[in-house]
Amino acid sequence: MLTISHKAKQLLVLLIKLLIVGCAFYFIYDQLAHNDQLNWVLFLEKFNKNKSVLGIAFIILLSILNRFFEILKWQNLVSYIKPISLFEAMNQVLSALTAGLFTPNGVGEYAGKALFFDKSQTKNVIFLNLICNGVQVLVSLLFGIIGLLYLGYFKWDLIIITTIMGLFIIGYAFKKINIKGYSIEKLVQKLNEIPRKIHLKNNFLAVCRYLVLSHQYYFLFLAFDVQLPYFTLMSAIASVYFLASSLPTFQFLDFAVKGSVALYFFGILGVNEWIIVFISTIIWFLNLVLPAIIGSYFVLAFKHK
C-alpha cells in the first residue's frame, strides 16, 4: 500500500491551496480585463459626476451586510452539529466561497466547508449547506414570481393552480422512491430533526440577505440616474435574480449570467445597456470577488484537522 510522508502531505496541501487561490485570482482578472462590454470611459464620466463618499460607503456597507447575514446563517445552521464562533463561521464561509469560485454551481463550497469538520460529520455538513443555499434560492423564487407577476409576465390563477398540482404530483410520485438510500420522505424526516428555531432563524436571515442584495442593486441604479418607479425596478431586479439563480453556471461567471438576464428585463424598461452591465459587474465584484480575495487568506492559513 502506498504511503505518503508527512512532509509530502504538507507540500501537497500547500500546492492545492495555491492552486485554489491562483485559479480564483486568474478567473477574476480574466473577467475584468477581457470583458468587451465594460465601457470604462462612460463609467468614469458618470462616476466623477455622481461620486459621493457617503454613497460609496453605503453601497460597500450593503455588501458587508450581505456576507454578514450569510455568515450568521451558517453559524446558526452549524449549531445543530456544534456551536462555533462568528469568526469560525466567517473563516468557513469565505474559505468555501473561494474554493467554490471556479466550480460548477459552487460545488467546491460544499467540500470546502466539510473540511472544517470531522469526516463523520461530512454528510451533515453538506446537508446543512444544502439547506443554507436552498432556502436562499426559495426566497429568490418567491420574490421572483411576485416580480414577474407585477411586471405582467404571469397570471395569478395560472401560477397557483400549476404550483399546487406540481407539488402534489411530485410529492406523491417521489415520496417512496429511493435514490442511493435517499427519498423525499427521508429528506423531510431529516429536516424535522433540526430544531424549528434554527429553521425560522435561517429563513429570516435568508430574507434579510435577499433584501440587502436587491436594494444594493436598486441604489446603484439610482446612482446611475435610472428613474423608474420603485416597485417596477424592484420587480425587475427580483425577476433577474429568480431566472439567473435557476441557471447552472460557475460562480466566477455569475455577473455574466445575471448581466445577460438583466439586459433583457431592464432593456425592455429602457435602461441603457452599459449601465446594466456595469451595475451587474459592481454587484459581482463587491459581493463575490472581494469576499473571495479575503477568503484566499483563510484558504492559505487553513490547517486540516
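Count charges around Gly134 for me, please; just the other residues with Cβ under 14 Å from its Cβ, Lys/Arg as +1, Asp/Glu as -1.
Taking every Cβ under 14 Å from that of Gly134, the sum is +1.
Length gain on complete extension for the stretch Asn203 to Leu138, per 0.36 nm per residue less the alpha carbon to alpha carbon distance? List each step's numbers first, then the result.
Working: separation 65, 0.36 × 65 = 23.40 nm, distance 0.96 nm.
Length gained between Asn203 and Leu138: 22.4 nm.
Please compute the length gained on full extension between Lys119 and Ile60, using 0.36 nm multiplied by the number of residues separating them and subtracting their Cα-Cα distance.
Details: separation 59, 0.36 × 59 = 21.24 nm, distance 3.70 nm.
Separation in residues times 0.36 nm, less the Cα-Cα distance, equals 17.5 nm.
Quick one: which of Lys119/Lys201; Lys123/Lys186; Lys123/Lys197; Lys73/Lys113; Lys73/Lys197 span more than 18 angstrom between C-alpha atoms?
On the way: Lys119/Lys201 27 Å; Lys123/Lys186 14 Å; Lys123/Lys197 22 Å; Lys73/Lys113 14 Å; Lys73/Lys197 12 Å.
Listed pairs above 18 Å: Lys119/Lys201; Lys123/Lys197.
Readers should treat all values here as calculations from the given coordinates under stated rules, not as data from a laboratory. Everything quoted here is computed from the prediction, not taken from an experiment. So basically every Cβ, Gly included, is an ideal-geometry build from the backbone, and we count neighbours across all protein chains shown.
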